[in-house]
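The values are calculated or read from the model by the stated rules, or taken from the named source; none is laboratory data. The shown structure was predicted, so the numbers you read here are calculated from the model rather than taken from an experiment. Every residue, glycine among them, receives a Cβ derived from its backbone with ideal geometry; neighbour counts consider all protein chains shown.
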């Protein structure tokens, strides 16, 4: 799963070309670190057997990814592939960050399902809420850092 994430992240960078976005150190670090973290996670963390606890873990994870994304997007070292696509579309269209990310994640969710992938509740929750989690977190980080 980590190698797949690495490959897809690299391919997403091709979508930056028409948007005239340029990757930075943070972009490349994101690709390597996220792919590695996913591979470690699926290898060493057990699958949750309690459905309610699994949903809770998923929601906490979405909040953590949103906050982590806001922190590293605002440091100016370059956003990750999906975050860079999200911010570039937002900057050019004026559409809110949360809505742009919802459109990106929903498109990927549908494409994955059409290709035969598994569509679980966690995948659906992530697609629906990660954009709003990032948007809220960007607002919090902005308020805290611009005093």
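Any idea which of 78, 84 is touching a helix residue (DSSP H, G or I) at 6+ places or on another chain (Cβ under 7 Å), in contact (Cβ under 8 Å) with a residue 24 or more places away in the chain and in a helix (DSSP H, G or I)?
84
Are any residues in the stretch 18-55 under 22 Å from residue 111 (Cβ atoms) and without any contact (Cβ under 8 Å) to a residue 24 or more places away in the chain, and if so, which ones?
Scanning the stretch 18-55 gives a single hit, 18.
Between a first residue in the stretch 1-17 that is over 14 Å from residue 89 (Cβ atoms) and a second residue that is loosely packed, with under 11 Cβ neighbours inside 10 Å and modelled with pLDDT of 90 or more, which pairs have beta carbons less than 8 Å apart while being 6 or more apart in sequence or on different chains?
Going by the 8 Å Cβ cut-off, there are no qualifying pairs.
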